[in-house]
1. If a/c stays under 1.5 just call it rounded; otherwise compare a/b with b/c (prolate if a/b is bigger, oblate if not). Do that for the stretch 1047-1138, with a ≥ b ≥ c from the square roots of the Cα gyration tensor eigenvalues.
2. With a point put 7 Å past each Cα toward its Cβ, work out how far LYS50 is from ASN271 in nm, to one decimal.
3. At 1.4 Å probe size, what's the solvent-accessible area of HIS1229? Round to the nearest 10 Å².
4. Work out the FRET efficiency for ILE1265 and ILE1026 from their Cβ-Cβ distance, taking R0 = 60 Å, and round it to the nearest 0.05.
5. Between LYS232 and ASN290, what is 0.36 nm times their sequence separation minus the Cα-Cα distance? Round to one decimal in nm.
6. Along Cα→Cβ, 7 Å out, is where each label goes; now give me the distance between the ones at ALA370 and PHE491 in nm to one decimal.
7. Please identify every one of the GluC sites (Glu not before Pro) in the stretch 130-239 that sits in a loop by DSSP and has no more than 14 other beta carbons within 10 Å of its own beta carbon.
8. Full-extension gain between THR470 and ILE900, please, as 0.36 nm times their residue separation minus the C-alpha to C-alpha distance.
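The values are calculated or read from the model by the stated rules, or taken from the named source; none is laboratory data. Worth saying up front: this structure is predicted, and the values here are computed from it rather than measured. A quick note on method: Cβ atoms are made from the backbone with ideal geometry, for glycine too, and the neighbour counts reach across all protein chains shown. Heavy atoms of the whole protein, side chains included, go into the accessibility calculation; ligands, DNA and RNA do not. Shrake-Rupley method; radii C 1.70, N 1.55, O 1.52, S 1.80 Å.
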Amino acid sequence: RKVTLALLDAANDRDPVVQEQVRKSILTLGNQQPDKVLSMCQDYLLKHPKLVVGHRVLILQTIELVVKSRIDDISYPKIKSVIQLASDEMTKSKEVVPEWQQAASNILVAVGNKYINDIMEEILSKFQPGVLPHFFVVQTLANLSNSNVYGMVPFLNAIMGTMLPMLGMTKQDNMKWVFSSALCRFSESILEYLANLDKAPDPTVRKDTFSSEIYSAYDVLFNSWIQSRESKLRLTVAEALGSMSHLMAHDKLEEQLPKLLLTILGLYKKNSEHYIITKSLCQVLEASVNMGSRVLETQIDGLLLALHQQVSVSLACSLSNTFPDRLMVFVLQRLENSNERNRMGSLAVLRHLINSSTSIMETKKLLILASIRQPLADHSNKVKKRVVQVISAMAHHGYLELEGGDLLVRFIIQHCALPDTHHEVSNEALRSMCDNTLHLFTTTVGRLTDVLWPMLLCYLTPNQYASATTPLCKSLILLANKKRAAQEASFIIDFSAQGVDTHTYGHDVTDEPSPRLRAFPLSDLKTPWNHTFSLLGSVANAAAVLKPFFPLLSFLYRCIGVILQQCYNKELVRKQLQEILISARHNDAIERTGVAMGIGLCASSHLDGTLEKLEEFGKSDAFRKASGIFGLLKDKNDVDVEKMKSTLILCYGYVALHAPEDQLLTRIDSDILQNISKNFNTKVKHMGFICVQGKGETIKISCQFVIPFVGATFIECLCIFQHIESWLSSGQDHERERAVKTTAELLQFYLDSLSNLVTFHNLGALVGRLGPRCTDPNPEVRRAAIDCIYRLMYIQLRYEGFSLDYKDDSVEGLLDVREKLSNPDHSVLYKTCSELTKRLPQQQLSTLLFMLFDGLVDSQSNCSRASSVILNTLLKNRGAGLQDLVPEMLEVLHNRLQLIGEEQVKVAIGQSVLILATQHLQTVVNTLVMTCALREMMLNGQSADAVAYVFPKLFSSLLVRLGSSVGVHLPKDLNSNSIISDRKTINKINMTNFDVSVLSIRAMAKHAGPRLPAIVENLCPSLCNIYECQRVTVTAFFSELLNHHVVTELMILDMLMNNMMERITDTCGTVRMLAVRGLGNIAVGSPEKVNKYAKELLAAMSSGMEEKDDPGKLITLEAMSGMSKILLYLDQKNVQLLVVYIFMKIKPFLENVSENDEIRCASIMLLGNLSKFGSGEPVFKDQIHNVLVSLLLHLSDPNPQVVKACKYAMRICAPVIGSEQISAMFQKHLLEEKGLHYGEFINDLTKYLIQDFPGMLNFYHITVIQFFKSNWAEIRASAAMFIGKK
């Protein structure tokens, strides 16, 4: 004790080091004996009331440290005394003494982290309506809401209700500041609570609980305080407005948004501190975007300009979800501005957009890839640094795998090879950044592994990348080790899949080799490489040895092709090509492809020589004689000459792929296609490869040759199309693009050369295959697909007898659609395609339909959705004539449904069946006749064993089937092909579903208990069905099942409870109501399990009581009834902390005059059941007094059930009120079946109220006056009597 007193005396030493040491020493003692040390600190302060402020602050700070350190070990009486001390110290001086009062406030905040109810009891006693509180009372409330979110949020509604009138009374800037700061902290704590509902004591809290109070506060802050001349106050108000905007009602925020945005933007000019302004603006924008604001769109241009000037990344990203197109256009336009600051700002915003708006940016990847090219050429290292950051973000989101991504990888590698310089951002710093970025690509972006593994190899040889060899090799080693450890097949590079097109990887194959590689003999291709070629040429002689290793041999052929690209000795090239063609085993597909790829690679540098050698090989004896050169070819009987022709055609395909385009175009006809024709016969498989792998004009020239060659008959053209067809749905954009463009050229030239007009049988198949491509994600594919449909329509018109120059208006409309495909209007596109399908001959309809069925599983979700829309439009327009195809169509749709992952397409298939049912009712309903068949089978006693075996599945199916039939009846005209579903009385129908389930479960619980687990398991999937009637039926079944103890005996209670918890968020109100009812039923069926699910049950019932989408208040009523039921079995510990919070949920129903008698009755009964948990809680006692007047007046309610509920609630609440005389009156006079002389009762009661609660009289007076406007005369009369007695 003496030591502690000595330390307390020394606490105000002049030396700060001594002060700190004293504080640590007292804390050490406090950790050992917290109660004793705290008592001594309190006594010291009380005995020395005139201590200097600094000394007093040090002791208060020491108390705070002890409380924080040992709060769990401090006795409750000591906690109460500490609270009282800190409160007195904080408010002792009416003047603001920040250091002293802040120290006392900090103690209250520290205690409040555990004893929030006690703290609030003390604080609220100094936070009374109509009186401006002490500055630090408000500050303490603000800090408490920040430090103990879950404890404070339940009090905030009441606190803000008291605070609002104070705002208008406040005149001083410091009080305005503290109120604004508190509102900001309150809003932040509410938002944090809502964001972490899984950890909250009540996960059903909603922001609209606070909307009214928040808007009232907003009105004062925005219309008055933000205009203050005091800069600090303006910023605090702006910060508060930002946080409050998330809690405002949508209509109010929408109304205020233009003024609010303009005001906040105006603050940039008035304040030098921009961070808080930007933070506030960001929050306002997020709130408006989240609510789907329409007004925001009118403000977007001015906002974007202002935000870009501030380089406000977070603000721009706030707008990306709602206005992605306008924001993207704005940012990309600014990228074109060469001003360094503008470009850096735009790149910063672009980087954050890529990182934070992944789903929205998905459709804009190609646009971004195209636009980033301009900054790539910027000379500023500052800009380049931002570019590298953007590329890094793009790598993590799948941009670098797309066409054009190779340029970004090349940019990184180029800057890995930078020489040293001295700039503000030096080359060394930029080079190091690029080295690290390349390393990150290799180690952290797994999706890039298969891109970088072949790509980086191509940068090792060119001279300009020589200085980047070290980071390149490090990355290649990491990639190789990763692939080898994972035993990936691609560890050995499959050039047949990847290609060795070094143009694709960003540099020309003729680039000068690196000096480092020149040190090796392989780098000089003029003389020393002759020895290498001799070795490679001997591959042919080693074929017998390498026979088991054909993939390796194929790889070696491609290696030869790469080497030949750099060889300057034309004779040597010719010799090696000769050996490759003669040595190859043409009947092996892998080796044949390797040969073709090697020769194609060689053609990139030696086109003329390669074409001459291929032509020579085509004329050689190898195609005629029995044996080949070097004796490697077997007898002609064993060699498939057709395979040799395939090799030759495939070689020409790879030549077309790799040859320089400017040289290829002059040779495609005379040297390539003419020579192919000599070996063509009817084998056109590789022709498709040439077309699809070709570039630009190559496709057009290929088709110009092919169509005349095959005789311009559609059968041969269709044969070519069949080989191109597989590429139409390729996952690679460029392959789909080339395939569709090839098809378009094929159709055009067929149309131009059309002469022999016969029946055109394949129109349906082609339209079905090409139509969905009109919505392809790739705009080039969309345009080419429109061209295909356009030409197909004119081919059909020619077959119908129209002249070549005839123009059809509907077909010509496709050209207008084509021009708008950059941003397509899908509704117009579908309408146009649907109109055109009406012109399809009836005999081709079936082919079109089944092609569209295939399109339902297209790899591109856009195209699968398009297939479903066109299909349903076609069925509506022309399905009536498809009677014979209906069974087959239903079977195909059923099969497709099992393969489809796209939810929208699944729903569309359901619509398809419905459309068919409206047209061919009998045929479709044949499947439903199974119900009648089952009945007949079960009436036969011999089926009992079989029925028992499948009973759970059979019962489940029939129950769902029965629920689905409620409200459906036969058409009035039995001859019509229509199904009538009367959904006008949806509640009645849903209640019928419930009645069906109730009757079923009562019987099941009694007679078929052991089968219930399997039945429940079979019914669970229907809870997620898109049809409400099925969800209602199953939820009703489960709800009633929880009314029976059998679910506990069968151990299916957990499963049922989990399903009910999931259903309380269902989109259907009836399902939600039944789920809440089911959760309440556990108190009837399994009361011993109520405490196990206490948290979930309380949360569900609380959520139901504030349900907004509940026109008939059925959910609210079920929630109150359920809460009353479970409260009968809940333990005190599970409810005590939530008593006040639950009371706040039901308080609106007690105070407001509800026209619904059942709601009034249920809310009053719930109050009574809740009160047993509030005994001894001062806060709950206050809340009871808040509604006491309402209960007393409703004793004269016109509804007798409400009167009984009031009597019951007041008897149960009597011990909480705090007056023995009033409690005795309630117990004596308020008996449910006994009459009450209201006048005498009120006369006696008011005497006790005046005697025991004089401080509440003014509040009672104000409350009674509100009931003068009641809708019931009885209540108005009682109110007048009550106030008269007072």
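1. Here the stretch 1047-1138 falls in the oblate category.
2. It is 4.5 nm.
3. Taking all protein chains as shown, HIS1229 has close to 60 Å².
4. Efficiency for this residue pair is about 0.70.
5. Value of the extension gain: 17.9 nm.
6. The two pseudo-label positions are separated by 4.2 nm.
7. Listed in order of number, the matching sites are GLU230.
8. 150.0 nm
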